[in-house]
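See structure below.
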Amino acid sequence: MQPSSLINRSSLRRHLRQKRRLLTTHQQKLASRQVCQLVRQQPWFIKASSLAIYMAVDGEVDPLPIALMAQGMGKKVYLPVLHPLNTNHLLFIRFTPQTPLEKNRFGILEPRLKGYGLKRANSCRVQALDLLLMPLVGFDSQGGRLGMGGGFYDRTLAIRPNEFKRPKLIGLAHECQKVEQLPLEPWDVPLTGIVTPSQVYPT
């Protein structure tokens with residue numbers, strides 16, 4: 001295992017993204033199914049009535065099977081959207097099979113806000129979610145998370161830090177994204193746990 005503490009974050013990010021991209025389409029689909037199977041067994045998922053997922057890009061573990069499973073169980077599912085007034089933060093908008101999607105400035109699909117997303121019934125404050133499933137580039141067994149570098153989740157979760165008894169923050173990843181120890185910054189928000197196709201890492 002590579003000692004990530006000796007590598008700066010940007011180099012580590014490039015290295016791990018490349019490893020993730022090398023996975024075949026079959027490996028990606030299998031990983032998504034296996035992660036879904038593990039998530040469905042976890043008490044924090046069973047108890048959650050509302051959760052947020054993400055739209056996978058760049059080799060990320062695809063959480064859509066989890067979303068479909070959750071909706072079939074009567075849970076409310078949300079997607080992150082770049083805030084239209086403060087684009088350094090995220091909104092969370094209700095996601096159903098009928099939700100109109102469009103690409104944001106990073107090429108990631110998100111619910112279309114115009115004429116839809118800002119209705120009160122469709123939006124949710126991050127503090128009101130029970131479970132937040134998060135993408136990541138790298139992780140360690142202490143709950144450290146290395147993201148894509150935009151800092152959107154960290155800023156959104158840091159707005160009212162003493163209100164965050166909820167949601168549970170769970171990262172989804174491939175096993176090849178695990179490192180011994182991440183070089184973290186003071187603003188990095190630690191995860192509650194990480195789920196890979198083969199293991200659940202509590203922190």
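Just so it is clear, none of the values below were taken in a lab; they were calculated from the coordinates. Model, not experiment: these values are computed from the prediction. Neighbour counts are summed over all protein chains in view; Cβ atoms, including those assigned to glycine, are modelled from backbone coordinates with ideal geometry.
Work out how much length residue 142 to residue 125 would gain on full extension: take 0.36 nm times their residue separation and subtract the Cα-Cα distance, in nm to one decimal.
Length gained, residue 142 through residue 125: 3.4 nm.
Which one of 85, 184, 133 has the biggest mean-square fluctuation once the chain is modelled by GNM with Cα springs under 10 Å?
In this elastic network of the chain, the residue with the biggest mean-square fluctuation among 85, 184, 133 is 85.
Could you name the lysines in cross-link range of residue 114, using Cα to Cα under 24 Å and dropping any fewer than eight places away on the same chain?
Hits, sequence-local ones excluded: 76, 103.
Given the DSSP H assignment, sum -39500 (n - 2.57) over each helix run of at least 4 residues in the chain and divide by its residue total; what's the result at 222 nm in deg cm²/dmol, nearest 500?
So the calculated ellipticity at 222 nm is -7000 deg cm²/dmol.
For the chain, set up a GNM with springs between Cα atoms under 10 Å and report which of 141, 11, 32 has the largest fluctuation.
For the chain, modelled as a Gaussian network with Cα springs under 10 Å, the answer is 11.
Work out how much length residue 192 to residue 71 would gain on full extension: take 0.36 nm times their residue separation and subtract the Cα-Cα distance, in nm to one decimal.
The residue 192-residue 71 span can extend by a further 41.3 nm.
List the residues of region 165-194 whose backbone N lies under 17 Å from a point placed 7 Å from the Cα of residue 18 along the Cα-to-Cβ direction.
From region 165-194, the list is 176-179.
Could you tell me the extents of the chain's C-alpha atoms along the three principal axes, largest first, rounded to whole Å?
Principal extents (largest minus smallest coordinate, Cα): 47, 33, 32 Å.
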